[in-house]
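Notes follow once the structure below has been shown.
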Amino acid sequence: MQAFITEATNRPGEFARHAAAIAARGINIEAICLAFGDRGGCAFFGQDEPGVRRALTEAQIGFREVPCVTIALEDQPGTAAAAAARLADAGVNIELFAPVDFHEGRRATIAVGVDKVEEARRALSDLLTEWTIPTSRVHAGATAT
């Protein structure tokens with residue numbers, strides 16, 4: 001799974017421009033927006049990754065692809081910090097840490113964008129879980145990959 005991370009000036013309409021470029025291709029997205037200082041960023045997860053790539057490229061929106069692993073964390077203090085510390089100890093840099101699903105109010109599925117996927121998998125092996133965007137949420141015109 002890839003996250004598509006865009007960055008732009010943090011101003012009204014930027015997120016709408018990025019999301020609209022993907023929506024115009026009929027691609028359903030999961031998006032986590034981050035804003036900081038005078039810059040802002042969005043992370044897009046889409047069932048149709050080649051379509052997201054094409055949409056952003058054709059709209060001339062700069063982006064970078066970040067490989068992700070998904071982990072399941074208990075919803076309690078310290079679990080995110082412990083997972084992050086394990087990645088740091090393994091020399092893995094975190095590019096993105098985004099909740100993508102919640103289960104029974106006690107567990108969260110987190111997409112973790114990393115620079116070293118295999119090292120991250122080893123460091124978090126007991127936390128790894130599968131997560132995909134349910135196909136029922138994919139627009140009929142989109143191509144699943």
Q.
Please list the three semi-axes, largest first and in whole Å, of the ellipsoid equivalent to the stretch 15-80, using sqrt of 5 times the eigenvalues of its alpha carbon gyration tensor.
A. 25, 16, 10
(Q) 5 Å is the cut-off here: which amide hydrogens, built 1.01 Å from N in the peptide plane, fall below it relative to F97, excluding neighbours closer than 5 in sequence? (A) G113
Q. Per-residue HN-Hα couplings for the stretch 87-94, Karplus 6.51 cos²θ - 1.76 cosθ + 1.60 at θ = phi - 60°, whole Hz, x for Gly and Pro?
A. 5, 4, 4, 8, x, 9, 8, 8
Q: Please determine, in degrees from 0 to 90 and to the nearest 10, the orientation of helix 49-58 with respect to the longest principal axis defined by the Cα atoms of the chain, where the helix direction is its Cα long axis.
A: 50
Q. Heavy-atom accessible area per residue, the chain, 1.4 Å probe: how many Å²?
A. 54
Q.
How large a share of the accessible area of the stretch 74-125, in percent, is made up of carbon and sulfur atoms when the probe is 1.4 Å and the other protein chains stay in place?
A. 49
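The values are calculated or read from the model by the stated rules, or taken from the named source; none is laboratory data. What you are looking at is a predicted structure, and each value in this text was computed from that prediction instead of being measured. Accessible surface is based on the protein model in full, side chains and every heavy atom, while ligands, DNA and RNA are left aside. Shrake-Rupley method; radii C 1.70, N 1.55, O 1.52, S 1.80 Å.
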